[in-house]
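Accompanying notes for the structure given below.
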Amino acid sequence: SAASDVYKRQNLDSDTDGMPDDWSFSSENPKASCVWERSGPGNLTHSVRMSVPDSGERRRTGAMLAQHGVPIREGQWYRVAFWARADDLAARQFLVAVQETTRWQSLLEYQRVTPEATWREYVFVLRGRGTADKNTRFQIWFDGTGTLWLADVRIVPCAPPTVGRWSEGFYLDRPQEWDDPYRFFRW
C-alpha cells in the first residue's frame, strides 16, 4: 500500500542531498545543522545528527526533523520506533508526535523522550486519535541547544496491544522483570 511505501522510504538518501528522503529539517538558529552520517547503532549504517549550537541570542531556539504526508487512521494502533542518543540537550528531552497541520490536531499522543549518551531503542505503541491522509507531519523536535542523533525511525500500523499478550507472530511480547513474581517479590 502507499502508506507502507512511506514508512519503507523514510531512512534512505537516494538523492544524496544529506537528508533522508521525504524528511525536512528546520531551526530558527542559523548555525543549526542536520547531517546524514554513515554511523549508527549496532548493524545500522546511517543516522541523522541534528545540532543546535548556542547562538548567543536570548530568543527561543531548537530544531525539528519532520516528514509530511504520513497517513493516520482513527482507532488504528501504530508502533513508533527509533534509535536515539544525545549530547548536551539543554531541554534534556525531545518530543515525537504526528500532527494534522490544518487544525493542528495531534493524531498520535505526544511522546517525551529523555535520551541517553549511548544509543538506545525507543518504542511506543500509540492509537490514532483522528484520520488524515494528507496535511500531516510526523515530527521529532527539541528546544534549546544540543545534539541529537536518530536512526531507523519508523511508524507502522500494528495490532492493538490490548488484545492479550503475544508469544508468537510478527510482534513478540518479550518477558519483563515484572513478569517473574518470584524475583520481584522475593518469594
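Quick notes on this structure:
- Number of residues in segment 97-128 that are of a type in the set (S, T, N, Q) and either more than 19 Å from L150 (Cα to Cα) or touching a Gly at 6+ places or on another chain (Cβ under 7 Å) (or both): the value is 5.
- Residue count for segment 76-88, restricted to those that are open to solvent by 30 Å² or more (accessible area, probe 1.4 Å) and more than 14 Å from R154 (Cα to Cα): 4
- When D54 is tested against (1) over 15 Å from W23 (Cα atoms); (2) in contact (Cβ under 8 Å) with a residue 24 or more places away in the chain; (3) in a strand (DSSP E or B), just one condition goes unmet, and that condition is (3).
- For segment 115-136, the set of residues classified as open to solvent by less than 50 Å² (accessible area, probe 1.4 Å) and within 21 Å of M64 (Cβ to Cβ) consists of P115, Y122, F124, L126, G130, A132, T136, listed by residue number.
- Whichever residue in segment 91-114 is closer than 24 Å to D54 by Cα, of a type outside the set (S, T, Y) and open to solvent by 40 Å² or more (accessible area, probe 1.4 Å) and, among such residues, is nearest to the chain's Cα centre (by Cα): R112
- Residues of segment 38-51 that turn out to be surrounded by fewer than 18 Cβ atoms within 10 Å (Cβ to Cβ) and not in a strand (DSSP E or B), as a count: 8
The values are calculated or read from the model by the stated rules, or taken from the named source; none is laboratory data. Fair warning: this is a prediction, and the values are worked out from it, not measured in the lab. Quick reminder, even Gly has a Cβ in these numbers, built from the backbone with ideal geometry, and neighbours come from all protein chains shown. Each accessible area value is taken on the protein alone, full model and side chains, heavy atoms only, with ligands, DNA and RNA left out. Shrake-Rupley method; radii C 1.70, N 1.55, O 1.52, S 1.80 Å.
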